[in-house]
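Step one of this worksheet: look at the structure below.
The values are calculated or read from the model by the stated rules, or taken from the named source; none is laboratory data. Quick caveat: nothing in here was measured; it's all calculated off a predicted structure. Here the Cβ is made from the backbone with ideal geometry for all residues, glycine too, and neighbour counts use every protein chain on show.
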Amino acid sequence: MTKLKVDFGETKLETRIQGTGTLRFCTTLSPSFALFALDLEDDIDYGSYFELEGIVMEQGKTKILDVMLTRKDGWTKDMIDDLMGDMMTTGNRTICVSGYPERREEKFNDKTNIFFVHAVDIKLLEADKVYKAEPPQEDSDVPTTDPSANVNTKTATNTDANTNTAESNKVEDDTSLENGHHKHHNKRPGNKRPKNSDRGANDNSRFAKLAFFLLSEFGGYDGLGSLPVLDVAGGSGGLAFELVFKHQLPCTVVDTRPVQFSAGQKKHLEFRNQSHDALDSIGKDKTTPLVENLKGRFQAGTSDDGLLRQLQTLLETESVLKGLPSSKIRKRADFVEANEKLRELLKEQRCSVLVGLHPDQATDPIMDIGFALNLPWVVIPCCVFPNLFKQRQLEPSGKLVRTYDDLCEYILQQHPSVKETTLPFRGRNRVFYWKPAPSNDE
Ligand SMILES: C[S@@+](CC[C@H](N)C(=O)[O-])C[C@H]1O[C@@H](n2cnc3c(N)ncnc32)[C@H](O)[C@@H]1O
């Protein structure tokens, strides 16, 4: 018997799982997100794909196949409408589905994991009708309607994933921070700033993708569940929204800008509310593990339950590390101005990881403070500020850090165990992260 191994948070895009059965329920949660489930036929050899290594599959016993259709997988609104219409028609109850599997860690109900397929081909056997997903859109701009849709950072590849090299070698203009806003200066003809779209600043999928990266690198829901992620330079709270509302994880934003959710984010919360009700109406006799999973997620995501906090201040090396023996401060400290709460929170190590997504002037403080206080950090650098940070030098040449590529190299040089990966969003998507060595090795 072939065993298929699917890790937590993993999707197997190339694998196909096929099942035939009778429609258990179907529901459309948004124009681009629908679910249905099949009661599988008896004679199917479900062991070959349900017996996943290390996982006890509830579906294996009950023979239920949960199926998801999303725009990301190539299901358009019209296709979903037609399919759901056909499925509801009496007589079209026997269905054959082929799709790729996804496994999720379960946080929102008592099962330990969830396994389902993303449909690629659907055959309505009585009607002799076939629906096929269009080629998947890897990196759609449209925020996913499935709040828990996954990103497999281990295998995801994206042609946009690596920032254009010419752009990344440009020396950048400085900007200075005034009351938390950027004041542009030093604009000379021929020294054009890269457009925001080049930097990925308008690719809002970065927040969800980073949230999943954090979950996969920092111990899943257990690892991030008790202490807040410190979202440094979090701006209006894009990452915080993902962590708090979509994953029910605590997050504290450190930025002078106030957290302010957009109309789109508020609408998304409404969608979750309505979806919860739609799933609830499926009823106890027809429910499935995926339905229960999503119900939990949607319900959890409508209130922050005190998980979201904000410290409206700057993260600055000196103000946080003040009072520590100077030997613990391994880099220069440029900034002043303390914030008691932030300092206490960090010194008592009451955060799980320091995160900086395009953190501008907070890049060095995140690393400094992480190293000094033995707290893991993640930095996705963006702007360089060569005139502001004149002390940044590359080793061994002593070259000053003037370009994005220089800045990435500089970050890598901060410690031999700084790791690098990329996330599949447009623009500046190189991710650097560091974890302290386990205490007995120190
Ligand atoms: C380019 S925005 C990124 C915002 C958000 N992370 C995102 O990806 O949309 C940079 C943010 O860094 C903040 N910032 C700059 N220096 C900071 C510091 N030392 N501490 C906290 N926030 C800082 C600014 O206020 C601004 O909101």
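Among the residues making up the stretch 354-391, a single one is in contact with a Ser or Thr (Cβ under 8 Å, 6 or more places away or on another chain), more than 8 Å from the ligand (Cβ to nearest atom) and part of a strand (DSSP E or B): V379. Residues considered: F389, F432, F425. Of these, the only one that is more than 15 Å from L210 (Cα to Cα) and either assigned by TED's automatic domain parsing to the domain that holds G219 or of a type in the set (D, E) (or both) is F389.
Is it the case that some residue within the stretch 418-427 is in a strand (DSSP E or B) and without any contact (Cβ under 8 Å) to a residue 40 or more places away in the chain? It would help to see each step written out before you state the result.
Let us first name the residues in the stretch 418-427 that are in a strand (DSSP E or B), namely 419-422.
Remaining after also requiring without any contact (Cβ under 8 Å) to a residue 40 or more places away in the chain: 419-420.
Looking through the stretch 418-427, at least one residue is in a strand (DSSP E or B) and without any contact (Cβ under 8 Å) to a residue 40 or more places away in the chain.
What pairs can you find where one residue is in the stretch 18-36 and outside any strand (DSSP E or B), the other is surrounded by 20 or more Cβ atoms within 10 Å (Cβ to Cβ) and modelled with pLDDT of 90 or more, and their Cβ atoms are less than 6 Å apart, with a gap of 6+ or different chains? Cβ pairs passing all conditions: S32/R71.
Filtering the stretch 275-299 to residues that are assigned to a loop (DSSP other than H, G, I, E, B) and under 13 Å from A37 (Cα atoms) leaves I282, D285, K286, T287, T288. Candidates in the stretch 221-244 are the residues that are within 18 Å of E344 (Cα to Cα), surrounded by fewer than 24 Cβ atoms within 10 Å (Cβ to Cβ) and at pLDDT 95 or above; of these, the one that is farthest from the chain's Cα centre (by Cα) is L227.
Here is the figure for the stretch 344-353: residues that are in contact (Cβ under 8 Å) with a residue 40 or more places away in the chain and part of a helix (DSSP H, G or I) total 2.
Considering the stretch 202-259, and only residues there that are farther than 24 Å from L314 by Cβ and basic (K, R), the residue that is nearest to the ligand (Cβ to nearest atom) turns out to be K209.
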